[in-house]
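Have a look at the structure below before the remarks.
The values are calculated or read from the model by the stated rules, or taken from the named source; none is laboratory data. This is a predicted model, so every value here is computed, not measured. So basically every Cβ, Gly included, is an ideal-geometry build from the backbone, and we count neighbours across all protein chains shown. Calculation scope for accessible area: heavy atoms of the full protein, side chains included, ligands and nucleic acids excluded. Shrake-Rupley method; radii C 1.70, N 1.55, O 1.52, S 1.80 Å.
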Amino acid sequence: MAALKTLLLLLLPLLVLATTVSIVATANDTTKTVTTSTAVDIDDDEDLSFLDEPKAPKDYPDYADPNYRPQGDDIDYKSFEDFQQWDESKAPPAPVIKEKDVVVLNKTNFDEFISNTKNIMVQFYAPWCGYCKKLVPEYAAAATELKEGGFDVVLAKVDATQETELADKYKVDGFPALFFFTDGAIKSYEGDRTRDAIVSWLKKKTGHAVYNVTSTEEAEDIFLAETKLVVAYVDSLTGSDSEVLDAAAKQEDDVNFYQTTSSDVAKVFQIDTDAKRPAVVLLKKEIEKLSKFDGDFSKSAIVDFVSSNKHPLVITFTMESASFVFEGPIQNQLFLFAPAKQSEKLIPTLVEAAKAFKGKIIFSYVQMENKDYGKPMIDFFGVDGDAPRVLAYTGHADRRKFFMEGDITSDNIKSFAEDFLADKLRPFYKSDLIPETNEGDVKIVVGKNFEEIVLDESKDVLLEIYAPWCSHCQALEPSYSRLAKHLRGVESLVVAKMDGTKNEHPKALVQGFPTILFFPAGNESSDPIIFDSDSVTGAALYKFLKKHVTTPFKIEKPSSEGGEPVTIETEAANGSPDVKDEL
């Protein structure tokens, strides 16, 4: 959660571009992954150093790199510059923290310890990570409290900078990463990084997760203290019904479960005491205060009921709620963008419409003038002007968005939402203005000229989709420009780039920056080929092109001795040796 909140704080320009450093795009109707590593069928001895700036050798894994950015380039790291330049040798000595109850794991003992321990939480950390350092005393204290309390759970840690194979195995992409292993299952811990939060979460996962309520005084205190809770009116506090409720409670991290056999207690929680038992309700301090469970009394049914009803009908978008909105199980989203002064009138309208779409669409309100998240959301979605707007969004599936036309009324929103679910709406795509001149070695692509340049069936097109703040993109820029310069005279080939934060196209679905796509000539209707390699260099891109171009070309290599340039020939993807273009 700490990593996610940092991501959201720095923010949404690419909040939905899932956290990844790899240069990939999701397989879907418009984009298909074609694995293309640098180990293509080429001459590995070919000297292409002239396409890249010389770099110092790297003999350490990413996890051991103090400049490694665990969340990839989905956020702007300018605020971390001081941290990156920090000289650890000048730092004051760290306080001594007793970690006597935290087990240290490595590749030699990890598997055996996991298999022989029923319940274990494992923290993957990096010694240079500030969040990890903050967690050390909290994690150690939680381990000691649980051990001294006799709970059947162990806390352990793994140095991911040393145990890179383990970190890769469990897909660690941020620090600290906490996983809970129990009976062969693995669950990521996304709660607060504090002693109390960790202890409470583990007690719920390993002990009895349902609290018994036997008096009205206790019930009233709980009712006042909880913002949302689940209560079951049962025949017995033990037995099969209680076990089902306990299993469901263990699946919910942010809702407490209670049970009672007292009719007086049930009345405090607004349960109809004449109803057939077990009777379950979910209570929350929102406009919709009470939700009644009417399904089969099973773990899965109760979990689904709680998941669909625990959040308000309309969520006020904040840093805290963003993770649920964008990372929750319901992908379809509908946003009301409105100034604070008009929200009192418009939110009830949105609430009324939302009642018909519970469990199908997440409804959210975004305060337009809020600088922390309102403006970034406006920029991300391309909302123009300062008038209230309603927008629908498909989430991670394909990230299409749709603007509602007409007045913001409950009936109009309902009709819009119905058409959204039925896929009857026309999506909106952002675009910069088409540049007045576009004569550079690297052609500038925007949303409005994407089809003209990228989908030109007479050209092979290499397209980089970048973000201005992306450090990987900035590092690639010199090599990409150098490659384009050497290929400028090849009439059959276009080297282009597009600012993915301001421009969109259905053929350019992006998950991380930079994303590099190749569009073969004569295949306007087909999917692009995705450059998927850990090595993003001018030489690697040239080899990638050499493998996939439909029209072969020549590239001239500068002579190191001042003689005539050396010509390197390529073949077409079908193996044809004919060369039609030359620098």
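Data overview
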item: Solvent-accessible surface (1.4 angstrom probe) belonging to I434, in square angstrom, nearest 10; result: 90
item: Unsatisfied cross-links (Cα-Cα over 28 Å) in the set K171/K203; K118/K284; K133/K375; K187/K360; result: K118/K284; K133/K375
item: Neighbour net charge for T227 - beta-carbon separation under 15 angstrom, K R +1, D E -1; result: -3
item: Potential lengthening between T117 and D254 on full extension [0.36 nm per residue; Cα-Cα distance subtracted]; result: 46.7 nm
item: Debye, to nearest 20: dipole size of the stretch 180-262, +1 on Lys, Arg Cβ, -1 on Asp, Glu Cβ; result: 440
item: Theoretical gain in end-to-end length, D192 to S323 [0.36 nm per residue, Cα-Cα removed]; result: 45.8 nm
item: Heavy-atom accessible surface of the stretch 208-308: percent carbon and sulfur, 1.4 Å; result: 45
item: Net +/- balance of residues flanking Q259 in space, Cβ distance below 13 Å, scoring K and R +1, D and E -1; result: -4
item: Förster radius 25 Å - calculated FRET efficiency between K502 and L425, Cβ distance, rounded to 0.05; result: 0.65
item: Counting DSSP beta bridges with both ends in the stretch 314-422, the antiparallel % (nearest 5); result: 45
item: Rounded to the nearest 10 Å², the accessible area of R482 at probe 1.4 Å; result: 70
item: Potential extension, D183-R488 segment - 0.36 nm per residue separation minus Cα distance; result: 103.8 nm
item: Projected label distance in nm at K98 and D407, using a 7 Å step from Cα toward the beta-carbon; result: 7.0
item: E286-L455 pseudo-label distance in nm [points 7 Å out on the Cα-to-Cβ vector]; result: 4.0
item: Listed residues E452, E226, E218 arranged by accessible area, highest first, probe 1.4 Å; result: E452, E218, E226
item: Interchain or long-range residues, amide H under 5 Å from N119's placed H; result: V154
item: Label-point separation in nm, A247 to K360, each point 7 Å along Cα→Cβ; result: 3.0
item: Most to least accessible of Y211, Y170 (protein chains only, probe 1.4 Å); result: Y211, Y170
item: In the stretch 362-431, GluC sites (Glu not before Pro) in a DSSP loop with at most 12 other beta-carbon atoms within 10 Å; result: E369, E405
item: Dipole magnitude of the stretch 208-308, debye to nearest 20 (Cβ charges: Lys/Arg +1, Asp/Glu -1, about Cα centre); result: 160
item: Two-site FRET efficiency, R277 against S200, from Cβ-Cβ distance with R₀ of 30 Å, rounded to 0.05; result: 0.55
